[in-house]
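Here the structure comes first, spelled out in structure tokens, and everything after it is commentary.
The values are calculated or read from the model by the stated rules, or taken from the named source; none is laboratory data. Note that the structure is a prediction, hence the values are computed from the model and not measured. Here the Cβ positions follow ideal geometry from the backbone for every residue, glycine too, while neighbour counts run over all protein chains shown.
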Amino acid sequence: MFYFQGGCVVCWGLTPEDHKEILEQVKNFQVKPVDIPQSETMDFGFVQGHSHIRDDVIFLDRQEDESEMQRQQLAFSYGLHQSVKLAYLEDKIGAQIKSAKDIQERLVDKRKWLTDTKTKNTVNRMLSNLLSIRASLNLHSDLLGTPELFWDHPELEKFFSQIVRNLEISPRIAIVNKRLDESGLVLDLLKTELSTNHSSRLEVLIIWLITIEVILAIAPYIHA
């Protein structure tokens with residue numbers, strides 16, 4: 001069993017009941033828990049020969065001593081850990097895109113909704129959330145590159161590389177970044193539309209105020 005910074009636990013060979021019990025225990029130490037926990041499952045077995053992944057199954061070399069086998073399990077676990085963290089970000093960006101789509105549809109059905117202050121606040125909050133997701137993915141995350149462990153133990157990196165390829169970590173990161181770009185563009189357009197509509201309303205209001213002022217100014221002369 002391996003614990004990773006960020007709240008991920010990777011268990012090997014535990015029953016579902018044992019796994020559930022472990023997760024209940026670590027709840028006492030959690031900080032800022034996610035709304036919906038993520039999970040990743042892979043089968044594993046043993047072979048005579050080198051450890052590897054085939055057909056989505058991890059095979060461990062039964063000839064290795066216990067210490068070396070645990071090191072190899074740790075290397076594979078790093079990939080599972082990355083996949084779970086990435087799945088969480090994938091769900092977050094998916095929810096953001098759905099919210100942006102809902103706003104677009106409401107704007108089409110009801111243009112006056114553009115004047116709703118709540119709408120403006122929602123768009124600004126969604127833009128802030130996108131920046132947070134991008135930072136989690138590209139700046140404050142161990143999803144990119146190779147973990148430092150493998151700098152000191154390069155013989156384990158091949159196992160990490162295998163599971164990263166198997167779980168398609170790099171293509172998934174590229175897709176998330178693309179979806180972030182597209183969602184950000186949509187929200188920027190919505191924000192521009194909201195600002196433009198607000199400016200137009202102010203211009204109309206100013207024109208009416210000027211008109212009223214002119215009428216009030218010439219009213220005495222008309223009466224005379």
- request: Could you tell me whether the stretch 109-125 includes any residue that is within 28 Å of GLN5 (Cβ to Cβ) and modelled with pLDDT under 80?
  value: yes
- request: Name the residue, out of LEU80, LEU60, that is modelled with pLDDT of 90 or more, closer than 22 Å to PHE150 by Cα and under 25 Å from the mean Cα position of the chain (by Cα).
  value: LEU80
- prompt: Pick from ALA75, ALA87: which is in contact (Cβ under 8 Å) with a residue 60 or more places away in the chain and out of contact with any strand residue (DSSP E or B) (no Cβ under 9 Å at 6 or more places or on another chain)?
  reply: ALA75
- line: Over the stretch 35-70, the set of residues of a type in the set (A, V, I, L, M) and touching a Lys or Arg at 6+ places or on another chain (Cβ under 9 Å) is VAL47, ILE53, MET69
message: Looking at ILE163, ILE222, ILE210 in this structure, which one is farther than 30 Å from PHE59 by Cα, in a helix (DSSP H, G or I) and either in contact with a helix residue (DSSP H, G or I) (Cβ under 7 Å, 6 or more places away or on another chain) or at pLDDT below 65 (or both)?
response: ILE222
Counted residues, the stretch 24-50 - those being over 22 Å from the mean Cα position of the chain (by Cα) and of a type outside the set (D, E, K, R): 12
field: Matching residues, the stretch 1-52, being hydrophobic (A, V, I, L, M, F, W, C) and outside any strand (DSSP E or B)
entry: MET1, CYS11, TRP12, LEU14, ILE22, LEU23, VAL26, PHE29, VAL31, VAL34, ILE36, MET42
query: If you go through the stretch 53-72 one residue at a time, how many are touching a residue at least 60 places away in the same chain (Cβ under 8 Å) and part of a loop (DSSP other than H, G, I, E, B)?
result: 1
message: Restricting to the stretch 159-173, name every residue that is among the basic types (Lys, Arg) and in contact (Cβ under 8 Å) with a residue 40 or more places away in the chain.
response: ARG172
message: Cβ-Cβ distance below 9 Å, separation of 6 or more or different chains: which pairs start in the stretch 32-48 with a residue that is hydroxyl-bearing (Ser, Thr, Tyr) and end on one that is surrounded by 11 or more Cβ atoms within 10 Å (Cβ to Cβ)?
response: SER39/VAL84; SER39/ALA87; THR41/LEU80
task: Return only the number of the condition from (1) in a helix (DSSP H, G or I); (2) at pLDDT 90 or above that LEU131 does not satisfy.
output: (2)
- prompt: Residue check, LEU23 against (1) within 24 Å of LYS92 (Cβ to Cβ); (2) modelled with pLDDT of 90 or more, all met but one. Which one?
  reply: (2)
